[in-house]
Structure formats: C-alpha cells, structure tokens
Amino acid sequence: MAALPFWRRAANIVFRASRWTIHTVLLCLTLLASILLLASSFGDMISPTVWIVVAYLGLIFPIILILCLLWLIFLLMTRRWRLSLIMLITFLLCSGRIWRYSPLHLSGEEPITNVMFKDGKEMPTPVDTFRVMTFNTKMLGSAKVNKKQTDIPIMDMLRESGADVLLLQEYHFSTDQKAYTRERLHDLIKEQYPYTDFVLNYGSKTTQGIAIFSKWPFKVKDEIDMSGKINYHAGYYILKFKGREVVVVNCHLSSNAISKENRDVYREQAKHFEVDSLKRMEQGMRQLAPSFRTRTNQIAAINRYLRE
C-alpha cells in the first residue's frame, strides 16, 4: 500500500469508505423496513392505550407491505444476499398476518348438503354453513325511510342475501306511521327473517342504532353498555341453530369523529399536493388518537361482558 502512488492510495480509501457507507445505509434501511413490517403486522397485540404509534402503523399496513416487497426485490436484484435473507425472514415471520389480510383460497370445494338463496336464486352451500352478513347501512340510505312514497333498495338486498343472520349498524326507522316505521321495515323481510331485535343509541327515544334480523330464534337477548359519545351500545345474542347455540355480538364502536374541515383537507391533498394542507392533514391524523383509545376501551368492555 505504501508503495502505491498517493492518488491510488487516496482512491482506495475513498472506495472502501464509500462501500462501507453504502452497506451501512442499506443495512439500516433493511432493518427499518423489517421493524416497520413487524410492527404493523403485530401491532394489534399492543393496545393503543399503551403505544398509539402501532395504531397508525396498522392503518398503513398495505403500504408498508408493498414497499417492503419492492425493497426485497431491489436487494435480490443487487445481490445483497445477507440483507435479502433478513427481509425473507421478516416476511416469513409475518406470513400469517399477511395471509390473513390478503388470503388466497386454494382449497378444493367443500361437500354440499343444503341450499340457500342469494339474489333470489338458489345456490349450494357447504356443510353446516352459518352465514353472517354485517352491514353499515348509513341510516338505510339516509332520509329515505322518512319519505312516504319511496323504495328501500337496501332492504331488498338484505332479503335476497341468503344470510342466516343480518347484523346492521346505523339502522334507522321513522316514527311517522305513514312512512317506514320499525314494524313496516321488518315486514319487508319478515318472511325470510322472522326474528329481530334493536339496540338504540342515545336512549330509547331515538330512531337510530343497531339491528339484528335472524332466520333462527333467540335464546338470549341482552345489551352491552360501552363508553363513548356516539354508537356506544352493543347487542349480545345466543341463537338456536340446528341444535346448537351460536353467540353473536353486534356492535358499532365510536366513530373517528373526523371534522368536515379535516375531510376537506384530505380531499384537497388527494387532488394536488400542498405543504400547508399536508401539515393540516397531519394535525387531523393526530385527532384519531382519542378515537383509537376510545374503541380500545369499548372492546375491553365487550370482552369483560363475554368473560362474565
């Protein structure tokens, strides 16, 4: 080395330093990608009341997953075998969560024994199928139930769904006897779903809440009281299903309560990028934290009820 000219020695030093720097940067980025993928995959195991960051990581899980996959492809193309191995191990650890998020149904057909209706047509279904449909109806099409001469397409879809149980949130009916009252709405699907129950928000005087319609009779009906400003009740049911007892919980947890101003900012940012609107969007995202914690407490209330 000492016998080499000065410029050759300087070039070797710069080359080695650059190589070490590039390797260190790639290693740090790989470790960061692995940590983010693990945290977003298993973030549901950490309560937002303990560490709120995991709740935000869960929201962007698909973005993190795609970026990590692209990073792995880059490492393989540049023959960074050791770093690629780190990413492959991370994907292996997260494979169950990834599969849960985006499952591929590769198994063969199940044995068929019974028939149910879907969209008004007969369709075969697997053995002992218990089919549940959950649907946020947004007040059954907002104000349609308050109109005296109109159809409720959502009710037609529910009647033809073929599900054993319908769990509806943001369900709404009218108190006007000439419009769609609770009884009149039930009459639309009563032939298919004779058993029903409601849990109303804000007390018994409201016309909004959650509803269940079932082909199978109830053995138990109860309410689960949860804390929250809106949508703070849940219904607990035990159904008699072919000689078995099936426990069903229908709930609508508290809303994110995003203000109209923040929603407008999100739409603005989606159309064209502005630094100012990005800052305001960040402020709006911070407002999600109380909602995350509220829903966590509500789920804890449901779990306590089930344990008891």
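Values in this text are rule-based calculations from the coordinates and carry no lab data. Since this is a predicted model, take the numbers as computed values, not measurements. FYI the Cβ positions are ideal-geometry reconstructions off the backbone, even for glycines, and counts take in every protein chain you see.
Before moving on, here are some points about what is shown:
- Under 15 Å, Cβ to Cβ, from residue 224 - net charge with Lys/Arg +1 and Asp/Glu -1: -1
- Neighbours of residue 41, meaning other residues whose beta-carbon lies under 15 angstrom from its beta-carbon, give a summed charge of +1 when Lys and Arg score +1 and Asp and Glu score -1.
- Within-13-Å neighbourhood charge of residue 250 [Cβ basis; K, R +1; D, E -1]: -3
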